[in-house]
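These notes are about the structure you will find just below.
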Amino acid sequence: MTVAENGGAAAVADFLRARREQLAQQWADLTLFRAVHTSGRDVAVHAAHRLVDALTEVARDGRVDDVTVPALDQVRAALAQMIAARSQAGATPPQVAAEVAELKRPVIAMVGRELADADRGAALIAATDLMGTLRLVGMEISLSDEGAIVARQRRQLSEVATPVLKLWDRVVAVPLIGTLDSARTQVVMETLLEAIVDQHAAVAILDITGVPLVDTVVAQHLMKTALAVRLMGARCVVSGIRPQIAQTIVQLGIDLGDITTRATLADALEWALGQVGTSIGRA
């Protein structure tokens, strides 16, 4: 950074410190603060004070265009809560980025209007860099939050899509529908093992009637789940082995090991009841 650039950053730091109250008052009326802090304008002004103070520290550090400086940690902390609230309210990352970018206008206007001619040029450059960095940090937080929300929603959907049903005393079943990938297998395994403990289950049925394709990967997932069930002290049976699936397993040379299989869920339930010492007549 040149002497002029460093001087510009120092001038911006002094300006932010001197105009802290005026800037906070203007920011409090902008969308980012107004939409989040609905309980009162004083709360929005207080949050704006916090962000102004954090930006002042970044300007004082001098590296106003460096998103890796430690001084930005306070900026991230100040922005994170507001951006999370906007994301939860349904604002998209581009919308949030636009709201953060809106904070630049009063800063540039005040710097251009109030600083002396000798300081104005370098200060405007430094202020522009600083507010650009603020926008990048806002986008970083917004995209990170969106990724976390999507991951959580996917997990919740997987959990809903893979319920564990109690079919009989000490007998539970998981009806699998759709593609069985690694992420979903992990959810199935965790949910099933928790159910085995909660229900004191002795037998778990994995019903793959709704799984359209069984290949080597799916077979590995099934074996992994069955092994986990056995480690919990329960027995596992896979039902829904249709003729097409049986042919595919043979053609691929897949070895299901000692996993018990049955053609239908009814067959699997009959086997499971035998394992727990119960029998029922079949029509």
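Dipole check for the chain: with +1 at the C-beta of Lys and Arg, -1 at the C-beta of Asp and Glu, and the Cα centre as origin, the magnitude is about 620 Debye. Once you order the gyration tensor axes a ≥ b ≥ c over the Cα atoms, which shape class does region 155-283 get: rounded for a/c under 1.5, otherwise prolate or oblate by comparing a/b with b/c? Note, shape of region 155-283 comes out oblate. Modelled spin-label separation between LEU256 and GLU194, with each label point placed 7 Å from Cα along the Cα-to-Cβ direction: 2.8 nm. The THR209 and ARG17 beta-carbon pair, evaluated with R₀ = 45 Å, returns a calculated FRET efficiency of approximately 0.05. For helix 104-114, what angle does its Cα long axis make with the longest principal axis of the chain, in degrees from 0 to 90 and rounded to 10? Tilt relative to the chain: about 10 degrees.
Note on ALA263 and LEU227: the extension gain reaches 10.9 nm, defined as 0.36 nm multiplied by sequence separation minus the Cα-Cα distance. Under the rule a/c < 1.5 gives rounded, and otherwise a/b versus b/c splits prolate from oblate, where does the chain land using the Cα gyration tensor? Prolate shape, in that a/c is at least 1.5 and a/b is the bigger ratio. With neighbour counts taken as other beta-carbon atoms within 10 Å, the residues ILE177, ILE141 rank, fewest first, as ILE177, ILE141.
Full extension of the segment from VAL67 to ARG34, taken as 0.36 nm per residue of separation minus the current Cα-Cα distance, would add 9.3 nm. Helical runs assigned H by DSSP (4 residues or longer) give the chain a calculated mean residue ellipticity at 222 nm of -22000 deg cm²/dmol, each run adding -39500 (n - 2.57) before division by the residue total. Relative to the longest principal axis of the Cα atoms of the chain, the long axis of helix 182-199 lies at roughly 60 degrees. What angle, in degrees between 0 and 90 and rounded to the nearest 10, separates the Cα long axis of helix 3-18 from the longest principal axis of the Cα atoms of the chain? The two axes meet at around 90 degrees. Take every Cα pair under 8 Å whose residues are at least 6 apart in sequence, average their separation, divide by the length of region 165-275, and the relative contact order is 28 percent. Here the calculated FRET efficiency for LYS104 and THR179, from their Cβ-Cβ distance with R0 = 45 Å, stands at 0.50, rounded to the nearest 0.05. With the simple model of a label 7 Å out from the Cα in the direction of the Cβ, GLN25 to HIS46 spans 1.9 nm.
Projecting the Cα atoms of ILE177, ALA80, LEU252 onto the charge dipole of the chain (Cβ charges, centred on the Cα centre) puts ILE177 farthest toward the positive pole.
A short reminder: the numbers here are calculations on the coordinates, not readings from a lab. Because the structure is predicted, anything quoted here is derived from the model rather than measured. Every residue, glycine among them, receives a Cβ derived from its backbone with ideal geometry; neighbour counts consider all protein chains shown.
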